[in-house]
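First up is the structure itself, then whatever we jot down about it.
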Amino acid sequence: MSILKDKNILLGITAGIAAYKSASLVRLFIKAGANVKVVMTPASKEFITPLTLSTLSKNPVYSAFVDEADDNQVWNNHVELGLWANLFVIAPATANTMAKMANGVCDNILLATYLSAKCDVYFAPAMDLDMYKHESTKASFEKLNAFGNKLIPAGTGELASGLVGEGRMAEPEDIVDFIEKDILNQLPLNGKRILITAGPTYEALDPVRFIGNHSSGKMGFEIANAAANLGAEVILVTGPTHQKLRHSMVAIKPVVSADDMYNEVHKHYGTTDIAILCAAVADYRPKNIANQKIKKKDSTFSLELEKTKDILKSLGEIKSTQFLVGFALETNNELEHAKGKLKAKNLDLIVLNSLQDKGAGFGGSTNKVTFITHSNAIIEHKLKSKAEVAKDLMQQIIKQLHA
Ligand code: C5P
């Protein structure tokens, strides 16, 4: 999944021959999961039709303050358009439009929207090489840069004039890449590797049976999603679950038993910055796994169980620079038990959920948690959706990392 998913992207098109590439740009944004609206300068309609752009973006295209085709003359509200946008991308950006942007000129709907927008603005210049080098163009770049607008540099190559040089609009794929990287760079967990465990484990009795538990995996998957949305590279080691997650920053490693989970987690721990162990790992497993299906015979049946390895504890024992987070699901004496685990497993943070609280724990889509830090600070949260709890947890971790 792209970081652009669900973002509202306003694409501004000005009158350069590179406008023909804007159709591909709309498609790439849509493919990345963004919502796209297009605003054009009147002259750019000579280069690409609004019909092409409205069809690809599945939204009306705006090129005038008033919709002339409409007998009722509807005002195209540039203020609303500017506020709708999470990102405003002007591609191609001509020397003319950039000079106007730099000087507050507002003689078309694209420029009026630019002045109304509060979001990040990216601009991809496109012009002939001498225009690109001109002092006036450089002055526009500097001014726009000073406004906080972001230049997507033009490439070098054959230009519409037949000359070869700098001034070609960046290719649509490169524009998308530039914006995605820029957004990621601004995120607080950019460059961090996070290891998360989720779900139950299944401990085999024989080829068809296992001992498991009711963990749905939802909490761990929400944490993975929240961490990835903050720019982290996530490895999600999960026991059997129906949860689904597609995110370009999340690699899912399915496992079955506690032993599989132990091995997979240890494969990645050395290069991990933050480990969050949320899985409901079996504490015991059958000592012997039958090769054949166990037949029913007597009226009672006994199983001999042996302890599984405590994955979290094993990570606490070899911890170097990692920030280690565990979960504690308790039924009584909750705070004391959670504090005990925090110490015994050498954690930086433990997330306590009590089965005494309605809506907390396994299965459901809500949770009620208390964070306990290594310095014994206790932070209680209200009942929230697991997605909100995951966001709270990531904010708590970021806070402790910066303390
Ligand atoms: O001691 P307790 O099982 O209550 O600790 C819960 C925490 O330890 C959770 O974070 C859970 O994911 C982790 N755990 C583990 N390996 C086990 C048992 C629990 O990683 N075998």
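Return one whole number: the accessible area per residue of the stretch 8-186 in Å², for a 1.4 Å probe.
Roughly 47 Å² per residue, with all protein chains present.
How large a share of the accessible area of the stretch 130-197, in percent, is made up of carbon and sulfur atoms when the probe is 1.4 Å and the other protein chains stay in place?
Exposed carbon and sulfur together represent 51 percent of the surface.
Helix 135-146 sits at what angle to the longest principal axis of the chain, using alpha carbons and giving 0 to 90 degrees rounded to 10?
Between helix and principal axis, roughly 30 degrees.
Need one number: nm distance between label points at Asp298 and Ile318, each 7 Å from Cα along Cα→Cβ, rounded to one decimal.
So the two model labels end up 4.1 nm from each other.
Divide, for the stretch 8-186, the radius of gyration over alpha carbons by 2.2 N^0.38 Å, where N is the residue count.
It is 0.97.
Could you order the peptides 348-355, 364-371, 214-221, 241-248 from most to least packed, using the average number of other C-beta atoms within 10 Å per residue?
With the highest mean Cβ count within 10 Å placed first, the list reads 214-221, 348-355, 364-371, 241-248.
Using r as the Cβ-Cβ distance of Lys253 and Met1, and R0 as 25 Å, what FRET efficiency do you calculate, to the nearest 0.05?
0.90
Report, ordered by chain and residue number, the lysines lying within cross-link reach of Lys313, taken as a straight Cα distance under 17 Å and ignoring same-chain residues fewer than 8 apart.
Partners found: Lys267, Lys339, Lys341, Lys343, Lys345.
What FRET efficiency do you get for Ser136 and Asn213 if R0 is 60 Å and r is their Cβ-Cβ distance, rounded to the nearest 0.05?
For R0 = 60 Å, the calculated efficiency reads 0.30.
Would you mind checking the pairs Lys100/Lys138; Lys118/Lys382; Lys192/Lys391; Lys21/Lys100; Lys192/Lys382 and listing those with alpha carbons more than 21 angstrom apart?
Lys118/Lys382; Lys21/Lys100; Lys192/Lys382
Step by step: find N for the chain, compute 2.2 N^0.38 Å, then divide the Cα radius of gyration by it. What's the final number?
1.29
To the nearest 10 degrees, how steep is helix 172-186 against the longest Cα principal axis of the chain, on a 0 to 90 scale?
50 degrees
Give me the percent relative contact order of the chain, please, defined on Cα pairs under 8 angstrom at least 6 residues apart.
Worked out over the chain, it gives 11 percent.
How many Å² of accessible area per residue for the stretch 226-317, probe 1.4 Å?
Per residue, the stretch 226-317 has an accessible area of 59 Å².
Take Asp273, project a point 7 Å from its Cα along the Cβ direction, then tell me which residues of the stretch 288-327 have their backbone nitrogen under 19 Å from it.
Those under the cut-off are 319-326.
Compute the relative contact order of the stretch 252-334 as a whole-number percentage, counting only Cα pairs closer than 8 Å that sit 6 or more residues apart in sequence.
Relative contact order of the stretch 252-334: 41 percent.
Would you work out what percent of the accessible area of the stretch 199-326, with all protein chains in place, is carbon or sulfur (probe 1.4 Å)?
49 percent
On C-alpha positions alone, give me the angle between the axis of helix 258-269 and the longest principal axis of the chain, in degrees, nearest 10.
40 degrees
Taking amide H positions as placed 1.01 Å from N in the peptide plane, with prolines and chain starts having none, which residues 5 or more places from Ala204, or on another chain, fall under 5 Å of its amide H?
Ile211
Send over the Kirkwood Rh of the stretch 261-338, from the inverse of the averaged 1/r over different Cα pairs, rounded to one decimal Å.
15.6 Å
As a check on your grasp of the helix formula, calculate [θ] at 222 nm for the chain: sum -39500 (n - 2.57) over DSSP H runs of n ≥ 4, divide by the residue count, round to the nearest 500.
The per-residue figure over the chain is -10000 deg cm²/dmol.
What number do you get for the stretch 261-403 when its Cα radius of gyration is normalised by 2.2 N^0.38 Å, N = residues?
1.23
So for the chain: antiparallel DSSP bridges make up what percent, rounded to the nearest 5?
Given both bridge residues lie in the chain, the antiparallel proportion sits at roughly 30 percent.
Just reorder Thr321, Thr94 by solvent-accessible area, largest first, 1.4 Å probe, all chains present.
Sorted descending by solvent-accessible area, the residues read Thr321, Thr94.
Output wanted: per-residue J couplings in Hz (rounded whole) for the stretch 344-349, from phi through Karplus 6.51 cos²θ - 1.76 cosθ + 1.60, θ = phi - 60°, x for Gly and Pro.
4, 9, 6, 9, 9, 7
Explain nothing, just the number: relative contact order of the stretch 159-217, from Cα pairs under 8 Å at least 6 residues apart, as a whole percent.
It rounds to 19 percent for the stretch 159-217.
Mind ordering 228-236, 101-109, 255-263 by average Cβ neighbours within 10 Å, highest first?
Averaged packing, sorted descending, gives the order 228-236, 255-263, 101-109.
Where does the stretch 16-96 land on the Kirkwood hydrodynamic radius, alpha-carbon pairs, in angstrom?
Across the stretch 16-96, the inverse of the average 1/r is 13.4 Å.
Beta carbons within 10 angstrom, averaged per residue: use that to sort the peptides 334-345, 302-313, highest first.
Top of the packing list down: 334-345, 302-313.
The values are calculated or read from the model by the stated rules, or taken from the named source; none is laboratory data. Since the model is a prediction, treat every value here as computed from it, not as a measurement. Positions of Cβ are generated from backbone atoms using ideal geometry, with glycine treated the same way; all protein chains shown enter the neighbour counts. Side chains included, ligands, DNA and RNA excluded: accessible areas come from the protein's heavy atoms. Shrake-Rupley method; radii C 1.70, N 1.55, O 1.52, S 1.80 Å.
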